[in-house]
Structures are given as C-alpha cells and as structure tokens.
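Notes to accompany the following structure.
The values are calculated or read from the model by the stated rules, or taken from the named source; none is laboratory data. Quantities reported herein were computed from a predicted structural model and do not represent experimental measurements. Using ideal geometry, Cβ is built from the backbone for each residue, glycine included, and neighbour counts are taken over all protein chains shown.
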C-alpha cells in the first residue's frame, strides 16, 4: 500500500487494505476498536459536500465553470468514477392555472 490516507482511497483500495489487515493476523485489534475506527472513517467520508450549478441547454446539462470537480456535458467525475446524468423533464399536475409556476427567461 502507498501512503494514501483512508479518506483519499477509492472503495477497491479501502477493501484491499481491510482484507490485508484481517489476513495478517498480527497486532490484534478488538472488534469494538475496529468498529469505532470504521464508524469514524464513514463519518469523515460523508462530511465532504460539493455543490454544482449549471443549466439545461437543448436537453444537455451544462455545468458552470469553474467547477469543484471535473465536469463535461451531462457528465461529472468523482475520483475514478464517471457519472453520466440522464435526466428527463416531467410536468407536474397543476390543480389550478393560478398555481402554475412562472418561468423567467
């Protein structure tokens, strides 16, 4: 393993680290300590929030630049994961004409 922090690892690297730790059989750690560390890691991963903004142009999502992550049309990248967005527009039923939302240009 290299010197990456646990928070910087992708899922496969983290799983390999845990497997290696379990298989080595030395430096025994109690289940309670192990579970506490796992809880701490999970909490750290869930604390990183990224906000993206953009607009829809001719059916494509165009993210505003600069963006906190690498982005493309309908696509964003998080670590080694490519996320392709396929959204559709649905019109919600409106109970009366006066409640219809106004769209500003």
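Residues in segment 60-84 that are assigned to a loop (DSSP other than H, G, I, E, B) and loosely packed, with under 10 Cβ neighbours inside 10 Å: 65, 66, 80.
Mind counting the residues in segment 8-17 that are in a helix (DSSP H, G or I) and surrounded by 14 or more Cβ atoms within 10 Å (Cβ to Cβ)? Residues flagged as in a helix (DSSP H, G or I) and surrounded by 14 or more Cβ atoms within 10 Å (Cβ to Cβ) within segment 8-17 amount to 3.
Restricted to segment 43-59, and to residues there that are modelled with pLDDT of 80 or more and not in a loop (DSSP other than H, G, I, E, B), the residue that is farthest from residue 80 (Cα to Cα) is 57.
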